[in-house]
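The values are calculated or read from the model by the stated rules, or taken from the named source; none is laboratory data. Note that the structure is predicted; figures quoted are calculated from it, not measured. Note: ideal-geometry Cβ built from the backbone for every residue, glycine included; neighbour counts use all protein chains shown.
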Amino acid sequence: MKERISMVKQSHVISVTTQCKLLDVNRSSVYYRPRPVSDTDLMLMGQIDKIHVAHPYKGSRRVRDDLEDQGMVVNRKRIQRLMRQMGITALYPRKRTSVPGQGHRIYQYLLKDLTVTRSNQAWATDITYIPMAKGFLYLVAIMDLYSRKVLAWRLSNTLDADFCIEALNEALESYNAPEIFNTDQGAQFTSTEFTRILKESNIAISMTGKGRWRDNVFVERLWRSLKYEEVYLKAYNSVSEARENIAQWFETYNAQRRHQSLRRRTPDMVYAQGMTGRSAA
C-alpha cells in the first residue's frame, strides 16, 4: 500500500483522482500528513503505556485515576484519544460484542479448550506501543504458542496493515505455515490482504473476543517482559536504534530465556523439539 501511495504524483499530467483509481488507493491517504505529537502528550502516552502493561484491565476512567494519583490531572476524553492513538484498549473477560468493519469478517475463536502439543500447531500475533525519546512506534510480533518463540516482528510509525503483513510473510517463509493463526479483531488483522494470505496458505483463522485478555495471554506476557527489561530502560533516539536494541532483545529471548513453564528450556529449544514430535509437557 505504501509503495502504491508513493507512486501518486500531484504534479503529474494525470489527475490525482485518476491515479488513485488506477492504483486502487484511497485519495485521502495521498494528502494525509501525520499530526505532530506534543511533548506533553508523549509524556502522558508513556505513563499510560506503563499503567496498561502493569494493569491491562484498566480502562480510561481508572487510568485517569492512576494519573491523578501521580499528580497529573488529565481530562478523560484526552486519555481516551491517546489510548486510541496508541492502539490499546482495556483487556478483561466479557462477551464478544464488537461488530466487524465494513467488508471485514470476524472469525470464530478456535483455541478454546485446545491443547497445543507441537510447534506450528498455533501461532498468535499482537501489536504494542513503543515509546521513544521523541515520538513513538508500533511493534507487531508473531509467536508460536507451543514454544513461545518469536517467529517474526516489525516496527512501524503507523497502524496500517502493511507492517503486519510483512511480519506474516517473513514468518511463513522462515517457518512454513501453522495450522491455526490467532489474532485480535484489529483492522490490521481483519483486513482483506492479511486474511487472504492466511486463506491461501490453508491456515485456519482464529480471532479473540474483543477485550478478552486470556485469549492472548502469552503475547501479553511477552510485551510486559520486553518493556520492563528493555524499552522502559532506554529512550530510543531513532527508529534504527529501537530496531537494533529490540532485535537483540528478541534474539536473547529466543535463544537464552529459559521458561519455567517450558521445563527450564528456551523457546528455540522447545520449538526445534516440537517440530520433531518431542513433548515439552
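Reported count of residues in the range 90-130, each being out of contact with any Phe, Trp or Tyr (no Cβ under 8 Å at 6 or more places or on another chain) and at pLDDT 80 or above, is 11. When N176, N202, N245, N237 are screened for being assigned by TED's automatic domain parsing to the domain that holds D126 and within 20 Å of L114 (Cα to Cα), only N202 passes.
R76 - would you say it is surrounded by fewer than 18 Cβ atoms within 10 Å (Cβ to Cβ) and not aromatic (F, W, Y)?
Details: surrounded by fewer than 18 Cβ atoms within 10 Å (Cβ to Cβ): yes; not aromatic (F, W, Y): yes.
Spelling it out, R76 is indeed surrounded by fewer than 18 Cβ atoms within 10 Å (Cβ to Cβ) and not aromatic (F, W, Y).
Of the helices (runs of 4 or more DSSP H) lying entirely inside the range 150-242, those containing at least 1 residues that are more than 26 Å from I51 (Cβ to Cβ), among the acidic types (D, E) and over 12 Å from the mean Cα position of the chain (by Cα) span 162-175, 192-200. Look through the range 152-195, keep the residues that are among the polar types (S, T, N, Q) and buried (at least 19 other Cβ atoms within 10 Å of the Cβ), and return whichever of them is nearest to I130 (Cα to Cα). So the residue we want is S156.
Scanning the range 66-76 for residues that are farther than 19 Å from P56 by Cα and either part of a helix (DSSP H, G or I) or free of Cβ contacts under 8 Å to residues at least 12 places away in the same chain (or both) turns up G71, V73, N75. Every test in (1) under 24 Å from Q121 (Cα atoms); (2) buried (at least 20 other Cβ atoms within 10 Å of the Cβ) is passed by N202 save one, and that test is (2).
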